[in-house]
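The values are calculated or read from the model by the stated rules, or taken from the named source; none is laboratory data. Owing to the predicted nature of the structure, the values given are computational and were not obtained by experimental measurement. With ideal geometry, Cβ positions are generated from the backbone for all residues, glycine too; neighbour counts draw on all protein chains shown.
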Amino acid sequence: MLLMSSVAGQRYVWAKVWWLCNLSIALMFLPWLPTLLAQMTNAGAVSWIPEVTLQSVPSTLWQFLALDAGTGHAWPVFWLLPLGVVGISIIVARADDAPSKPCWLILAFTWIPLLAAWLFSYALPLFMARYLLYTSSGLVIVLAIVLDRQASRHVPVAIAMGVLIVSLNVAGLNRTYAEQTNLNGRTAWANIRLDKLMSMINAQWKPGDMIVVEGLFWYYTVDYYNQTGSQPLVYMWGERGDNSGKSKLSYTWATLIYPMSEQLYVADPKKLRTMSGRVWWIRKPPTPGVAAHWSPDWTLRAQMRAGDIQALLFALPDQARP
């Protein structure tokens, strides 16, 4: 953008004020650099993100326009849409003769994050369509520019493009109402009804009870729906909390609670003590053969289930008798 832009015959890229401004911004970010490096060395929580392929960006464009990855189509159809978007982008860029290059700015907003995230993900997987959804707003503007120009020059072409775009959008809308989209990981959480589960726990709660959530992923949702007045605890398979923030458990999902993680993490369930002698243990139903993490001398009093999440009510040994 700087190389192409100029005022009064002078290129912006040679402007001292521009360089001084951006150098100042870079210097202000330097204190954050150690934190960034620490985060990069503790990136284990992104291991669930799949590795990128040559189809990652084209598939993302399909999701932006039709809420479908497009991989179910024959390869000519699959590649036709992204190639069409690239062609439209080139047309818009070449036709931008304004001094400030506004279309180039929109194209940069759309394409640079997509391509940068895709290339960086070959080193560290971070490419997820829902994380880049904001770039789709630039794509919509690009399509609108092309339609507007074609409408004044080639009406049949503009109508055909408009019908195609609307058809893709309608198909995406239909997938949304049919609950067939997975842009935000819906298949992983749609049937995990923690709202209903916590409603049942809230109704049967007794003063002195304790809630333990197995794994941090659902902890915040449990805390959101918790109306018992008691802070839920979290079991991380024997890990201990670290209020200093230096532990690997202080990153990713644990960032919000690490200052009090030593008080919230349950390292050894056998050492738990409650005023009522009761513990609510929340977890996903285990796969066969997976060992339980609570103490074997706890007595199961009740169990509840809401979709793919369950709560087990245990009585501790000293109050196991009815």
Would a scan of the stretch 170-188 turn up a residue that is surrounded by 12 or more Cβ atoms within 10 Å (Cβ to Cβ), among the polar types (S, T, N, Q) and at pLDDT 95 or above? no
Tell me, yes or no, whether the stretch 289-305 has at least one residue that is closer than 20 Å to K206 by Cβ and in a helix (DSSP H, G or I). no
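Return the residues of the stretch 84-129 that are of a type in the set (S, T, Y) and part of a helix (DSSP H, G or I); say none if nothing qualifies. Let's see the steps before the verdict.
Here is the first cut: in the stretch 84-129, the residues of a type in the set (S, T, Y) are 89, 100, 110, 121-122.
Answer for the stretch 84-129, where residues must be of a type in the set (S, T, Y) and part of a helix (DSSP H, G or I): S89, T110.
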When the stretch 258-278 is checked residue by residue, the ones that are at negative phi and touching a Leu at 6+ places or on another chain (Cβ under 6 Å) are L264, V266
Any residue at all in the stretch 38-52 that is among the β-branched types (V, I, T) and either more than 29 Å from L168 (Cβ to Cβ) or loosely packed, with under 10 Cβ neighbours inside 10 Å (or both)? yes
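Okay, residues lined up against (1) assigned by TED's automatic domain parsing to the domain that holds R305; (2) out of contact with any strand residue (DSSP E or B) (no Cβ under 8 Å at 6 or more places or on another chain):
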| site | (1), (2) |
| --- | --- |
| V170 | no, yes |
| Y177 | no, yes |
| D195 | yes, yes |
| S199 | yes, yes |
| P207 | yes, yes |
| L233 | yes, no |
What residue, among those in the stretch 254-268 that are surrounded by 14 or more Cβ atoms within 10 Å (Cβ to Cβ) and touching a Phe, Trp or Tyr at 6+ places or on another chain (Cβ under 8 Å), is nearest to L37 (Cα to Cα)? I257
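I'd like to check something: does the stretch 238-248 contain any residue that is surrounded by 13 or more Cβ atoms within 10 Å (Cβ to Cβ) and either of a type in the set (A, V, I, L, M, F, W, C) or in a strand (DSSP E or B) (or both)? Working first, answer last.
The first filter runs over the stretch 238-248 and keeps only residues surrounded by 13 or more Cβ atoms within 10 Å (Cβ to Cβ), leaving 239-243, 245, 247-248.
So of that shortlist, the ones also either of a type in the set (A, V, I, L, M, F, W, C) or in a strand (DSSP E or B) (or both) come out as none.
No, that holds for no residue.
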With respect to V142, determine if the residue is touching a Ser or Thr at 6+ places or on another chain (Cβ under 8 Å) and part of a helix (DSSP H, G or I). yes
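Would you mention how many residues in the stretch 206-225 are surrounded by fewer than 19 Cβ atoms within 10 Å (Cβ to Cβ) and not small (G, A, S)? I'd like the intermediate steps shown before the answer.
Taking the stretch 206-225 and keeping what is surrounded by fewer than 19 Cβ atoms within 10 Å (Cβ to Cβ), we get 206-209, 215, 217, 220-221, 223-225.
Among the residues that remain, those that are also not small (G, A, S) are: 206-207, 209, 217, 220-221, 223-225.
So the answer is 9.
Can you tell me how many residues in the stretch 90-119 are without any contact (Cβ under 8 Å) to a residue 40 or more places away in the chain and more than 17 Å from the chain's Cα centre (by Cα)?
Applying the first criterion (without any contact (Cβ under 8 Å) to a residue 40 or more places away in the chain) to the stretch 90-119 yields 90, 93-94, 96-98, 102, 106-107, 109-113, 116-117, 119.
In the following step, the residues that additionally are more than 17 Å from the chain's Cα centre (by Cα) were identified as 90, 93-94, 96-98, 102, 106-107, 109-112, 116, 119.
Residues that pass the stated criteria total 15.
Quick one: which residue in I88, I106 is surrounded by 14 or more Cβ atoms within 10 Å (Cβ to Cβ), over 13 Å from T60 (Cα atoms), in contact with a Gly (Cβ under 6 Å, 6 or more places away or on another chain) and of a type in the set (A, V, I, L, M, F, W, C)? Let's see the steps before the verdict.
On the way: I88 fails: in contact with a Gly (Cβ under 6 Å, 6 or more places away or on another chain).
Being surrounded by 14 or more Cβ atoms within 10 Å (Cβ to Cβ), over 13 Å from T60 (Cα atoms), in contact with a Gly (Cβ under 6 Å, 6 or more places away or on another chain) and of a type in the set (A, V, I, L, M, F, W, C) holds for just one of I88, I106, which is I106.
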I201 is checked against (1) surrounded by 15 or more Cβ atoms within 10 Å (Cβ to Cβ); (2) among the hydrophobic types (A, V, I, L, M, F, W, C); (3) touching a helix residue (DSSP H, G or I) at 6+ places or on another chain (Cβ under 7 Å); (4) modelled with pLDDT of 90 or more and fails just one. What number does that condition carry? (3)
Just give me the residues in the stretch 48-69 being under 23 Å from V157 (Cβ atoms) and free of Cβ contacts under 8 Å to residues at least 24 places away in the same chain, in sequence order. W62
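Hey, among A116, A108, A93, A123, which residue is of a type in the set (A, V, I, L, M, F, W, C) and at pLDDT below 90? Walk me through it before giving the result.
Values: A116 fails: at pLDDT below 90; A108 fails: at pLDDT below 90; A93 fails: at pLDDT below 90.
None of the other options fit; the residue is A123.
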